[in-house]
Every structure is written in C-alpha cells, then in structure tokens.
Amino acid sequence: APDGRSTPPPPPPPPLSWPALIGALYSAVAGVILIVLFVHRAAVVGCVRRATVVTDPAWDRLLAACANAIGVRSEVRLLRTREGSMPMAAGIRRPSILIPAIAGTWSDVRRRAVILHELAHIARHDCLTQTLAFVSCALYWFHPGVWWVARRLRVERELACDDRVIAAGTQPREYVSHLLE
C-alpha cells in the first residue's frame, strides 16, 4: 500500500454445503430428463406437422367404423408419414394416428387391426399418461421404483390396447402375425 500498510487478504469463499450440492445434482439430472422429454415431444410434433392427411375414402370409412367400435367420440386425424415404419398415436388435445407410407399395401384386416390399436391408445388417453409418467421419472429420478413402474406402465398399456383389438373381433392368430410383421 502507498502508506506502508498492507491490505488484508480477501475473505475465503463460503464452503459448499452438502444440501446445496445434492440440490444442484438433483436439479441437473431432473433438468436433463425434462429436456429429453421436450426434445422427444418436439420430434413427434414435427413428424405430425410434416405428415400428410390421408384422404382415401376407404381409410376414412375404416377409421369411422373402428372409432365407433372402440367408443372414441373425438375427431381423430389420420396422417401418413414417410419418417417411420411404425404406426403411432400422437396428441393429447388433438389426437392423430400416424401410419407409415407403406400402409397402403397392407391388407384390410391389418389396416383394421392397426387402426383399432391406435384408437385404443387414444381412448385410454395414453399420450397423457405417458407424459405424466415421464415427468414423474424426472422428479423422482433417484428412485428405481418409479422407473420400474413407468416401464410396467408402457408394457401394460400396449397389452391393454392389444386386448381391445382382440375384443373388437380381430382373430388373435392374425393379430400376432401383424405384430410380428
């Protein structure tokens, strides 16, 4: 110092506490899981936006008949996409069924089974429950039981939709062959 006195050293930084470190770790992992959820949702929304509406009257009649058989009263859009090979249901407020471009070559029995299966997802509100399960996994990521329950929910969801397809009159042997294809 100019007047001959020394300046005191700066105070040491406060130590990080264990609760602060654990809170930071919890928030970081939960944030990463939620980012994965949003990226997945954005990919599905993008796929829906790029898909084209199916205007074939045969598909429209099939969709209406299957919706009546399953009990779906809301409007469901049938979309064709070139981005995937698996049909899927998408949307919570505005449900849609995406079918692959190759679906035009499917037999009538296979078309009916696929539409019934995807409509069962819509009737059960599976897009909503899947999102809630994913959020639960993000909030309770440290608990293995939550991950196990979310996985079981996915498996049971598919089995329940398969059961509805069979209950609607699809022969189990034919349905299994469609699943394997």
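Looking at the stretch 68-77, can you tell me whether even one residue there is assigned to a helix (DSSP H, G or I) and touching a residue at least 40 places away in the same chain (Cβ under 8 Å)?
Yes, the stretch 68-77 has at least one match.
Could you list, ordered by first residue, the pairs with Cβ atoms under 7 Å in which the first is in the stretch 122-137 and within 13 Å of residue 36 (Cβ to Cβ) and the second is open to solvent by 70 Å² or more (accessible area, probe 1.4 Å) and not basic (Lys, Arg), at least 6 apart or interchain?
So the pair list comes out as 137/147.
To keep it simple, each residue is scored yes or no on (1) free of Cβ contacts under 8 Å to residues at least 12 places away in the same chain; (2) hydrophobic (A, V, I, L, M, F, W, C).
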position	(1), (2)
29	no, yes
37	no, yes
41	no, no
49	yes, no
66	no, yes
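Could you list, in sequence order, all residues of the stretch 135-168 that are open to solvent by 50 Å² or more (accessible area, probe 1.4 Å) and either touching a His at 6+ places or on another chain (Cβ under 8 Å) or on the phi > 0 side of the Ramachandran plot (or both)?
164
Can you go through 122, 99 and tell me which one is within 13 Å of the chain's Cα centre (by Cα), at negative phi and modelled with pLDDT of 95 or more?
Result: 122 is the single residue among 122, 99 that is within 13 Å of the chain's Cα centre (by Cα), at negative phi and modelled with pLDDT of 95 or more.
Looking only at the stretch 93-119, which residues are open to solvent by 60 Å² or more (accessible area, probe 1.4 Å), of a type in the set (A, V, I, L, M, F, W, C) and closer than 19 Å to residue 50 by Cβ?
102, the sole residue that qualifies.
Mind listing whichever residues of the stretch 7-33 are under 26 Å from the mean Cα position of the chain (by Cα) and open to solvent by less than 50 Å² (accessible area, probe 1.4 Å)?
29, 30, 31, 33, listed by residue number.
Scan the stretch 78-121 residue by residue and report those that are touching a residue at least 24 places away in the same chain (Cβ under 8 Å), of a type in the set (Val, Ile, Thr) and more than 19 Å from residue 176 (Cβ to Cβ).
Within the stretch 78-121, 81, 92, 97, 99 qualify.
The values are calculated or read from the model by the stated rules, or taken from the named source; none is laboratory data. Since the model is a prediction, treat every value here as computed from it, not as a measurement. Backbone-built Cβ (ideal geometry, glycine too); neighbour counts: all protein chains shown. When the accessible area is computed, the model is the full protein with side chains, heavy atoms only, and any ligands, DNA or RNA have been set aside. Shrake-Rupley method; radii C 1.70, N 1.55, O 1.52, S 1.80 Å.
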